[in-house]
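Peer 1: First the structure, which I've put down as structure tokens, then a few questions once you've had a look.
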Amino acid sequence: MGEIEQRPTPGSRLGAPESSGISTLEHGQKLPPPPSGKLMSIKIQMLDDTQEAFEVPQRAPGKVLLDAVCNHLNLVEGDYFGLEFPDHKKITVWLDLLKPIVKQIRRPKHVVVRFVVKFFPPDHTQLQEELTRYLFALQVKQDLAQGRLTCNDTSAALLISHIVQSEIGDFDEASDREHLAKNKYIPQQDALEDKIVEFHHNHIGQTPAESDFQLLEIARRLEMYGIRLHPAKDREGTKINLAVANTGILVFQGFTKINAFNWAKVRKLSFKRKRFLIKLRPDANSSFQDTLEFLMASRDFCKSFWKICVEHHAFFRLFEEPKPKPKPVLFSRGSSFRFSGRTQKQVLDYVKEGGHKKVQFERKHSKIHSFRSLAVQPMEPNSEVPKQAQQRASLTLGEGAESPGGQSCQQRKELEDSINKCGPCQNPALQKSPVGNKKADGGVKETTEEEEEVVKDRTQQSKPQPLQPSTGSLTGSPHLSELSINSQGGAVPANLILSPNLSPDTKQASPLVSPLLNDQPCPRTDDEEEGRRKRFPTDKAYFIAKEVSTTERTYLKDLEVITSWFQSTVSKEDSMPETLKSLIFPNFEPLHKFHTNFLKEIEQRLALWEGRSNAHIRGDYQRIGDVMLKNIQAMKQLAAHLWKHSEALEALETSIKSSRRLENLCRDFELQKVCYLPLNTFLLRPLHRLMHYKQVLERLCKHHPPNHADFRDCRAALAEITEMVAQLHGTMIKMENFQKLHELKKDLIGIDNLVIPGREFIRLGSLSKLSGKGLQQRMFFLFNDILLYTSRGLTISNQFKVHGQLPLYGMTIEESEDEWGVPHCLTLRGQRQSIIVAASSRPEMEKWIEDIQMAIDLAEKSSGPTAEFLASSPPDNKSPDEATVADQESEDDLSASRTSLERQAPHRGNTMVHVCWHRNTSVSMVDFSVAVENQLSGNLLRKFKNSNGWQKLWVVFTNFCLFFYKSHQDNHPLASLPLLGYSLTIPSESEDIHKDYVFKLHFKSHVYYFRAESEYTFQRWMEVIRSATSSASRAHILSHNDSMY
């Protein structure tokens, strides 16, 4: 008669230790007998550097020893840890939990086995026990001392300050310096001593448990957190390092991550002798499979790394421990190795369901004893485990966006400067999060694949100034990039991304990395929210006026990027010519001063309108037209400065082209968190703002009847601003095209002179090109004279390599679905070459047909064919039927570039080009123009699909993205959500929202709900977001005859 597995008790480690690695029993299966026989003693080095001896039977499997260590520590979440030791070849390997110990450790008396962290979860809030977090903190301390956890000086000092707080308590300068003199936490610590002491002063009152929490919050954002490097070579012989993490397999050049293969993209992992092989899943539009190959030092090294990868995939991606393979009757082929133990989901479920007594444990060097703090407590109604969104490459952390970690509601002095306090905050050590739903995947399955949240590093110091402690990128964007990214496509500096995929991120990102969109919600009560709404006016004109105020706040912040942040950066470097300085800053500072006063006037008027002061005269001030008219008339005096902005943009780009130092300065500035858009975009903001005023006044005039007291002023102000817009409209169109060409130039490799007089950008997007290997994804760029097609190289630069060009002069276009049997297929026939491409949908195909035909017509009207400009790319003079050999060579080059370092350029993983690539869509210049007109800012309440609470955020919509802030006073966004490809709808009854003014954003498995404060703001958010989620109809066609330069 079969025995039923006993329910685990709090005293045992996640269930019976005698199970020999079998965590589930089939009906009728008996527990294996406990091992017997002679005992042997094994020395274990703990994370606090103490050594303990454990006696286990010689024939016992490795699991028995690991269970003995965990029982000794009273450790419940022991599955995150492992035992490592040097084998007979001096290779450090993990103790196999299923094999007998005696077969793995040949001379136990002479070997010290180390108890260390094996699996680093994406978010430390998933560690439910204080003891577990303490052990993780010890691992971080150990990695710092051994040089494994590399970071910048600020991050290192901040980490050490939390360690010191945990060990000796509150700040005392004499004690601090004495303690630091006796304890070396990092090489070259002396140079950081003053900074460590300064940071420690800010942690007064922080308990050891809180210090551990803060330490892990900072450490997890570092690129090398939990990373163990394994030397290898790529197919070109370049020395690299491989590593495995919760998101997938990572590739490093030195300590710099240059590539990431998300579990969602990996189909199979294998090794053959010294070769480690990664077979990737084919793209949706591709019929071939890509296998990457890396060469390691020996077969043993290769097999050891393969085992680690198998274990990481199973632990983080599966619902339960994989079943053992049946033993072959005659002979076996390949390794029988499998993951043994509980998966992360099983660990989370167990800890969540079981209650545990508070257990006192000793902290080495600490003056304070700690208690395990997650004992039987009622579940917080609004707590939730941070979702495992993949850095999102920033996909980064994996494919770009996967920033699996979420952030608690805990207020962090040294991490966040100003935070909206939406609810009572919890001590991080007392926080308990329910387990989020996690997909099981039979093989290697997709984590979050189109990462929308690109996260920036939010680590900042509350008192002195914002800090950037992270050196790594945070990932988080499922589709957006295999590298971490920030919101404008630069490498996520000690940044968050998000990362793209948009990605430090998240990273950063998030992938893109605990993005803001995965934060623990700080809920507002419905009564509080409804009461606040009732106090405010309900007139539509009031909300239009409020929109002026909210967007003016964002506009002022954008001006400060130039007048304050960029000017400060330039003043420290002698790389910008004085003539350029005098052209930029003196023409922006008067605007900033004027609009600062303008905003004050608007806010004063709104305060009167709302009745917050002088309520007895409130009725006389329920209008905004007079304020608008007065300031727009004064704004005309600044027209001379506005005319200079186009000249400043051209001069800046010209100077960058001729000065490498200035180019580096601008590139580095774009990597700063405040520069959330491309730098040259900020130079055009004043011109764009005029259009926003015009739109607001048009809505006011349409709303007010002619006899309204405010109608006359609104109409006069509209006439004034319309005149200014008309005067500057031609310049604005010209500059937007100029800016877009320069932005595209940064994303492309192999172009000598993309920006030339007369060239106009029309459309960019992802299409599949038909070749001898089938359909292969390519990025196409359409201009008024030429069509380029490119592929994305997975190098550190993450740029697109030009593969071919098709002059539009003499080209014809025709649908060819029937001929080739491919849906949404087009044939482009040039004078020397023809290609077959396929769009992702019928609407996408129609957009390309319309724009390509328009571009062909413009080219025909020109004087003749244009000269080629891709000097580094030979022309592709082959017909579709002859493409097999050449395309084979092209694909080989592309595969090789996956692991080569072609250019040491910053990572550009979150630009619009990459968004289109990952979302398999396109965007036109008309769409960009519409996006410029549709910008919006304001507070929204945000809710996740599976969460209960609503969190108040300051949201800015611009550049096809939602940027998220804690409040409007923040200088930089904490996360961003690229909207291309998302669906915008209203929640259905079955979704149980039951709130007014709620809209829903949905893309694949990503669902977000946002709640506006009024019907007007709800309609406005719907309007502007719809402009980004669906392409605008062509309102006008760019004229080829317009003078562009």
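The values are calculated or read from the model by the stated rules, or taken from the named source; none is laboratory data. A quick note: this is a predicted structure, and the numbers were derived from the prediction, not measured. Here Cβ is always computed from backbone atoms with ideal geometry, including for glycine, and neighbour counts include all displayed protein chains. Ligands, DNA and RNA are stripped out before the accessible areas are found, and what is left, the full protein with its side chains, is counted by its heavy atoms. Shrake-Rupley method; radii C 1.70, N 1.55, O 1.52, S 1.80 Å.
Peer 1: So if I check each of Asp176, Asp194, which one is of a type outside the set (A, V, I, L, M), more than 27 Å from Thr125 (Cβ to Cβ), out of contact with any Pro (no Cβ under 8 Å at 6 or more places or on another chain) and open to solvent by less than 10 Å² (accessible area, probe 1.4 Å)?
Peer 2: Exactly one of Asp176, Asp194 is of a type outside the set (A, V, I, L, M), more than 27 Å from Thr125 (Cβ to Cβ), out of contact with any Pro (no Cβ under 8 Å at 6 or more places or on another chain) and open to solvent by less than 10 Å² (accessible area, probe 1.4 Å), namely Asp176.
Peer 1: Mind listing whichever residues of the range 77-92 are open to solvent by 10 Å² or more (accessible area, probe 1.4 Å) and at pLDDT 90 or above?
Peer 2: The answer is Asp79, Glu84.
Peer 1: Going through the range 29-63 one residue at a time, which ones are at pLDDT below 60 and open to solvent by 50 Å² or more (accessible area, probe 1.4 Å)?
Peer 2: Selection gives Gln29, Lys30, Leu31, Pro33, Pro34.
Peer 1: Here is a further query. What is the one condition in (1) in a helix (DSSP H, G or I); (2) surrounded by fewer than 16 Cβ atoms within 10 Å (Cβ to Cβ) that Asp574 does not satisfy?
Peer 2: The failed condition is (1).
Peer 1: To continue, here is another question. For the range 961-983, does any single residue satisfy the condition of being surrounded by fewer than 20 Cβ atoms within 10 Å (Cβ to Cβ), modelled with pLDDT of 90 or more and under 16 Å from Lys943 (Cβ atoms)?
Peer 2: So far as the range 961-983 goes, no, none of its residues is surrounded by fewer than 20 Cβ atoms within 10 Å (Cβ to Cβ), modelled with pLDDT of 90 or more and under 16 Å from Lys943 (Cβ atoms).
Peer 1: Out of the range 637-646, which residues are within 16 Å of Val755 (Cα to Cα) and either open to solvent by 50 Å² or more (accessible area, probe 1.4 Å) or at pLDDT 90 or above (or both)?
Peer 2: The answer is none; no residue qualifies.
Peer 1: Moving on. Looking at (1) open to solvent by less than 30 Å² (accessible area, probe 1.4 Å); (2) under 22 Å from Ile584 (Cβ atoms), which is the one condition that is false for Asp668?
Peer 2: (1)
Peer 1: Continuing with this model, one more query. If you scan the range 917-975, which residues turn out to be touching a Pro at 6+ places or on another chain (Cβ under 9 Å), aliphatic (A, V, I, L, M) and not in a strand (DSSP E or B)?
Peer 2: Leu974
Peer 1: Within the range 577-591, count every residue that is open to solvent by 20 Å² or more (accessible area, probe 1.4 Å) and part of a helix (DSSP H, G or I).
Peer 2: Here the count works out to 8.
Peer 1: Any idea which of (1) within 33 Å of the chain's Cα centre (by Cα); (2) at positive phi is the one Pro678 doesn't satisfy?
Peer 2: (2)
Peer 1: Just checking: which of the helices (runs of 4 or more DSSP H) contained wholly in the range 643-708 hold 3 or more residues that are out of contact with any strand residue (DSSP E or B) (no Cβ under 7 Å at 6 or more places or on another chain) and under 30 Å from Phe543 (Cα atoms)?
Peer 2: Qualifying helices (runs of 4 or more DSSP H): 679-683, 685-703.
Peer 1: Can Asp212 be described as at pLDDT 90 or above, of a type in the set (Asp, Glu) and open to solvent by less than 30 Å² (accessible area, probe 1.4 Å)?
Peer 2: Against the criterion (at pLDDT 90 or above, of a type in the set (Asp, Glu) and open to solvent by less than 30 Å² (accessible area, probe 1.4 Å)), Asp212 qualifies.
Peer 1: OK, next. Can you name the strands (runs of 3 or more DSSP E) wholly within the range 216-261 that have at least 1 residues being on the phi > 0 side of the Ramachandran plot?
Peer 2: Because the criterion is at least 1 residues that are on the phi > 0 side of the Ramachandran plot, the strands (runs of 3 or more DSSP E) in the range 216-261 that meet it are 248-253.
Peer 1: Of these, Lys268, Lys279, which one is out of contact with any Ser or Thr (no Cβ under 6 Å at 6 or more places or on another chain) and of a type in the set (D, E, K, R)?
Peer 2: Lys268
Peer 1: Might you let me know whether the range 155-167 holds any residue that is open to solvent by 10 Å² or more (accessible area, probe 1.4 Å) and more than 12 Å from Lys141 (Cβ to Cβ)?
Peer 2: Scanning the range 155-167 turns up no residue that is open to solvent by 10 Å² or more (accessible area, probe 1.4 Å) and more than 12 Å from Lys141 (Cβ to Cβ).
Condition check ((1) at pLDDT 85 or above; (2) assigned to a helix (DSSP H, G or I); (3) among the aliphatic types (A, V, I, L, M)) across all residues:
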{"position": "Lys1000", "(1), (2), (3)": "yes, no, no"}
{"position": "Tyr1009", "(1), (2), (3)": "yes, no, no"}
{"position": "Gln1019", "(1), (2), (3)": "yes, yes, no"}
{"position": "Met1022", "(1), (2), (3)": "yes, yes, yes"}
{"position": "Ser1027", "(1), (2), (3)": "no, yes, no"}
{"position": "Ser1033", "(1), (2), (3)": "no, no, no"}
{"position": "Leu1038", "(1), (2), (3)": "no, no, yes"}
{"position": "Asn1041", "(1), (2), (3)": "no, no, no"}
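Peer 1: Then there is this: State the number of residues belonging to the range 802-823 that are open to solvent by 50 Å² or more (accessible area, probe 1.4 Å) and not β-branched (Val, Ile, Thr).
Peer 2: 9
Peer 1: Being modelled with pLDDT of 90 or more and farther than 19 Å from Glu552 by Cα is the filter here, so list the residues in the range 929-942 that pass it.
Peer 2: Those that are modelled with pLDDT of 90 or more and farther than 19 Å from Glu552 by Cα: Leu941, Arg942.
Peer 1: Still on this structure, please answer the following. Consider only pairs whose beta carbons are under 6 Å apart and that are at least six residues apart or on different chains; among these, list those whose first residue lies in the range 147-161 and is over 17 Å from Phe213 (Cα atoms) and whose second residue is modelled with pLDDT under 90.
Peer 2: Matching pairs, first to second residue: Thr150/Phe255; Cys151/Thr471; Asn152/Thr471; Asn152/Ala494; Thr154/Leu467; Thr154/Pro469.
Peer 1: What's the total number of residues in the range 93-118 that are closer than 16 Å to Glu52 by Cα and either aliphatic (A, V, I, L, M) or open to solvent by 30 Å² or more (accessible area, probe 1.4 Å) (or both)?
Peer 2: Counting residues in the range 93-118 that are closer than 16 Å to Glu52 by Cα and either aliphatic (A, V, I, L, M) or open to solvent by 30 Å² or more (accessible area, probe 1.4 Å) (or both) gives 7.
Peer 1: With the requirement that a residue be hydrophobic (A, V, I, L, M, F, W, C), touching a Pro at 6+ places or on another chain (Cβ under 9 Å) and not in a helix (DSSP H, G or I), what does the range 124-165 give you?
Peer 2: Leu127, Cys151 - these are the residues of the range 124-165 that are hydrophobic (A, V, I, L, M, F, W, C), touching a Pro at 6+ places or on another chain (Cβ under 9 Å) and not in a helix (DSSP H, G or I).
Peer 1: Next up: So which pairs qualify, if the first residue must be in the range 998-1024 and under 19 Å from Asp539 (Cα atoms) and of a type in the set (A, V, I, L, M, F, W, C), the second must be assigned to a loop (DSSP other than H, G, I, E, B) and at pLDDT below 95, the Cβ gap must be under 7 Å, and the two must be at least 6 apart or on different chains?
Peer 2: Ala1012/Tyr997; Phe1018/Tyr997; Phe1018/Ala1012; Trp1021/Ala1012
Peer 1: Among residues belonging to the range 723-755 that are touching an Asp or Glu at 6+ places or on another chain (Cβ under 9 Å) and open to solvent by 30 Å² or more (accessible area, probe 1.4 Å), point out the one that is farthest from Ala859 (Cα to Cα).
Peer 2: Ranking the qualifying residues of the range 723-755, first place goes to Gly730.
Peer 1: Going through the range 809-843 one residue at a time, which ones are outside any loop (DSSP other than H, G, I, E, B) and under 13 Å from Phe780 (Cα atoms)?
Peer 2: Leu828, Ile835, Ile836, Val837, Ala838 - these are the residues of the range 809-843 that are outside any loop (DSSP other than H, G, I, E, B) and under 13 Å from Phe780 (Cα atoms).
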